[in-house]
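Student: Below you'll find the structure I mean.
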Amino acid sequence: MDKRSILLVDDHRILLDGVKNLLASSPDFEVKDTATTGKSALQLLKSNEYDIMVTDYELPELTGLELIRAAKSVLPDMKIIVLSMHDDPSVVRELLRAGIHGYILKKDTHKTLTDALHKVVAGKRFLSDEISELIIQMADEPEERGVLTAREVEILRLVAKEFSSRQIAEILFISERTVETHRKNILKKTGASGSVK
């Protein structure tokens, strides 16, 4: 049987090389191409066929979510696994809604990645143990208008103290783009309009 082809997307070259080397000896999978930005990944998707895309959530030019949505329209049968350091429930929820097939964390083991690849190819979904726990918590705390997550409350407190998105990102060790996403969600949930600088 032919190896399943993978498009690997991450803006860290060391991670791209590491995953590529990890799968080099696999009888079932091969990294056909790599991309370091969302836009370059989309160009590859438009001109090639892939069985699986493994992508980060934080990407330059296009976000992981934007790339996933575009990828689903270009190659609807392709399986998508998110390999990210984000274990934020609102991020996971949004990506699952976008139709991803797997979600694993960068701190997970190499075996977790190969397990995820085999599962999604078999038509199943794969979530790493930590993400599964998050999903259970999310089920216990349904998302409703007006109900903020713990991280959103944390960000709202910092916004109230007049910290900028960049400062909040540094304080919480997350990206500025993630802070902006949370701020949009806070506005949506609270029914507020406008933005706080």
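All of the numbers you see were taken from the coordinates with simple rules; none came from a lab. Small disclaimer: the values here were computed from a predicted structure and weren't measured. Because the Cβ atoms are built from the backbone with ideal geometry, glycine has one as well, and the counts that use them run over all protein chains shown.
Student: Using modelled amide H (1.01 Å from N, peptide plane; none on Pro or chain starts), what sits under 5 Å from the amide H of Ile80, excluding residues fewer than 5 places away?
Tutor: HN-HN under 5 Å from Ile80: Met53, His101, Gly102.
Student: Determine, for each peptide in 73-80, 177-184, the mean count of other beta carbons within 10 angstrom over its residues, then list the peptides with the highest first.
Tutor: 177-184, 73-80
Student: Sticking with this structure for a sec: Given H placed 1.01 Å from N in the peptide plane, which residues other than close sequence neighbours of Phe29 have an amide H under 5 Å from its amide H?
Tutor: Arg4
Student: Also, I was wondering about something else. With a sphere of radius 9 Å drawn around the Cβ of Ala98, what net charge do the other residues whose Cβ falls strictly inside it have (Lys, Arg +1; Asp, Glu -1)? Display every interim value, and only then the final one.
Tutor: Values: positive: Arg69, Lys72, Arg97; negative: Glu94.
Here the charged neighbours net out to +2.
Student: Given (1) 32, 18, 15; (2) 35, 18, 13; (3) 68, 17, 16 as candidate values of semi-axes √(5λ) of the Cα gyration tensor in Å, which corresponds to the one derived from the coordinates?
Tutor: Computing semi-axes √(5λ) of the Cα gyration tensor in Å and matching it to (1) 32, 18, 15; (2) 35, 18, 13; (3) 68, 17, 16 gives (1).
Student: Now for a separate question. For helix 38-47, report the angle its Cα long axis makes with the longest principal axis of the Cα atoms of the chain; keep it between 0 and 90° and round to the nearest 10°.
Tutor: 40 degrees
Student: When the Karplus curve 6.51 cos²θ - 1.76 cosθ + 1.60 is applied with θ = phi - 60°, which whole-Hz ³J(HN,Hα) does each residue of segment 129-135 get, with x for Gly and Pro?
Tutor: With coefficients 6.51, -1.76 and 1.60, one gets 3, 5, 5, 4, 4, 4, 4 Hz.
Student: Defining a contact as two alpha carbons under 8 Å apart and six or more residues distant in sequence, what relative contact order in percent does segment 150-190 show?
Tutor: 41 percent
Student: Same structure again: Evaluate the Debye formula for segment 1-41 with equal point scatterers sitting on the alpha carbons, no solvent, and hand back log10 of I(q)/I(0) at q = 0.18 Å⁻¹, in q order, two decimals.
Tutor: Log10 of I(q)/I(0), two decimals: -0.47.
Student: Relative contact order, percent, of the chain when contacts are C-alpha pairs under 8 Å separated by at least 6 residues?
Tutor: Numbers: 261 pairs, mean separation 26.7, N = 197.
It comes to 14 percent, rounded to a whole number.
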